[in-house]
Each structure stands twice: as C-alpha cells, then as structure tokens.
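Student: What follows is a structure written as structure tokens; I'll ask about it next.
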C-alpha cells in the first residue's frame, strides 16, 4: 500500500486478453493505493482474505488520514495467481464494503498495464506491506 499525494494512471496495454477495451486516464489526490496481488491459495479462504484486505486498507487509510482508497491489481509479478474472475470479484466485493463503510473507493482498470504517475511523501506509514 502506498499513500500518495498524487496518483495518476493511463491505460497502456492489456495484460489480460478478456479485459474490456478501456482507454482512460485519471488522477487522484490524497489517496491510499492498494497494490494487490491475489494468489491461487487465496481462493481456498475467500471470505477471510476479503475481510483481512478490507481491514488492512481501512487501517492504512486511517493512519494516513484519508477516506480515499484505490484498488490496483498488481498480480503480474507473482508466480502464483488466482483466476482472473476470482480476483476481479474480490476487488468488487472489497470496493463495495469500503464504500458501505464511508470510504471514497475506486479501482484501476482490471487486466491492464498502466502508465503511472506517483508522488508520495517520505514517512514510514506512507508505504506499507501486508501479507494476508
């Protein structure tokens, strides 16, 4: 997770052939960005993983004094990947739970490599890692 003063993206290249065609560019300010890797083992305990994901994002957002959270799929680096449908469903459910808890929440385009623009402050809680 990275708290960003500014986080922007532009769709670059599809990483998942079945992803819908999207050409977009967005910028957010004062937002917690969750770089999320969903692994194959996560499918075995989906409810637990979803709950821990949401709790960790909410905790990090509170620590960084923001109510904005962006979910970003970061699976391309992992040797173990969950099925795309499972991952997207997890993102959708987490986003809904965060919105219901009062957070302003969005997702980057699923299945895409993105050109990124990131400006993040240099203090410890602005960059967090959590293995669920």
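The values are calculated or read from the model by the stated rules, or taken from the named source; none is laboratory data. Because the structure is a prediction, the values reported are computed rather than measured. Note: ideal-geometry Cβ built from the backbone for every residue, glycine included; neighbour counts use all protein chains shown.
Student: Can you pull out the residues in region 59-71 that are under 22 Å from residue 27 (Cβ atoms) and touching a residue at least 40 places away in the same chain (Cβ under 8 Å)?
Tutor: Of everything in region 59-71, those that are under 22 Å from residue 27 (Cβ atoms) and touching a residue at least 40 places away in the same chain (Cβ under 8 Å) turn out to be 60, 61, 64, 66, 68, 70.
Student: Okay, moving on. Of these, 129, 91, which one is at pLDDT below 95, out of contact with any helix residue (DSSP H, G or I) (no Cβ under 6 Å at 6 or more places or on another chain) and within 22 Å of residue 4 (Cβ to Cβ)? Explain how you work it out, then say what you get.
Tutor: On the way: 91 fails: at pLDDT below 95.
Answer to the selection: 129.
Student: Going residue by residue through region 63-77, is there one that turns out to be modelled with pLDDT of 95 or more and in a helix (DSSP H, G or I)?
Tutor: Among the residues of region 63-77, at least one is modelled with pLDDT of 95 or more and in a helix (DSSP H, G or I), which makes the answer yes.
Student: Quick one: which of 130, 99, 81, 88 is closer than 12 Å to residue 37 by Cα and either assigned to a helix (DSSP H, G or I) or without any contact (Cβ under 8 Å) to a residue 24 or more places away in the chain (or both)? Step through it out loud before you land on a result.
Tutor: Details: 130 fails: either assigned to a helix (DSSP H, G or I) or without any contact (Cβ under 8 Å) to a residue 24 or more places away in the chain (or both); 99 fails: closer than 12 Å to residue 37 by Cα; 81 fails: either assigned to a helix (DSSP H, G or I) or without any contact (Cβ under 8 Å) to a residue 24 or more places away in the chain (or both).
Going through 130, 99, 81, 88 in turn, the sole match is 88.
Student: I'm trying to understand the selection: among the residues of region 37-51, which are within 11 Å of the chain's Cα centre (by Cα) and surrounded by fewer than 20 Cβ atoms within 10 Å (Cβ to Cβ)?
Tutor: 37
Student: List the residue pairs whose Cβ atoms are under 6 Å apart, where the first residue sits in region 45-57 and is within 14 Å of residue 70 (Cα to Cα), the second is at pLDDT 95 or above, and the two are 6 or more positions apart or on different chains.
Tutor: Cβ pairs passing all conditions: 53/94; 54/94; 54/97; 57/34; 57/69.
Student: Name the single residue that is nearest to residue 122 (Cα to Cα) among those in region 11-31 being out of contact with any helix residue (DSSP H, G or I) (no Cβ under 8 Å at 6 or more places or on another chain) and not in a strand (DSSP E or B).
Tutor: 24
Student: Restricting attention to region 52-63, does a residue exist that is surrounded by fewer than 20 Cβ atoms within 10 Å (Cβ to Cβ), out of contact with any strand residue (DSSP E or B) (no Cβ under 7 Å at 6 or more places or on another chain) and more than 21 Å from residue 7 (Cβ to Cβ)?
Tutor: Looking for residues that are surrounded by fewer than 20 Cβ atoms within 10 Å (Cβ to Cβ), out of contact with any strand residue (DSSP E or B) (no Cβ under 7 Å at 6 or more places or on another chain) and more than 21 Å from residue 7 (Cβ to Cβ), one finds at least one in region 52-63, hence yes.
Student: Every residue in region 102-127 that is crowded, with 17+ Cβ neighbours inside 10 Å and part of a helix (DSSP H, G or I), please.
Tutor: 126
Student: Among all residue pairs at least 6 apart or on different chains, which show Cβ distances below 9 Å where the first residue, located in region 18-38, is on the phi > 0 side of the Ramachandran plot and in contact (Cβ under 8 Å) with a residue 12 or more places away in the chain and the second is in a strand (DSSP E or B) and exposed (fewer than 14 other Cβ atoms within 10 Å of the Cβ)?
Tutor: 30/5; 30/6
Student: Check 8, 34 and return the single one that is closer than 22 Å to residue 128 by Cβ, at pLDDT 95 or above, surrounded by 14 or more Cβ atoms within 10 Å (Cβ to Cβ) and touching a helix residue (DSSP H, G or I) at 6+ places or on another chain (Cβ under 6 Å).
Tutor: 34
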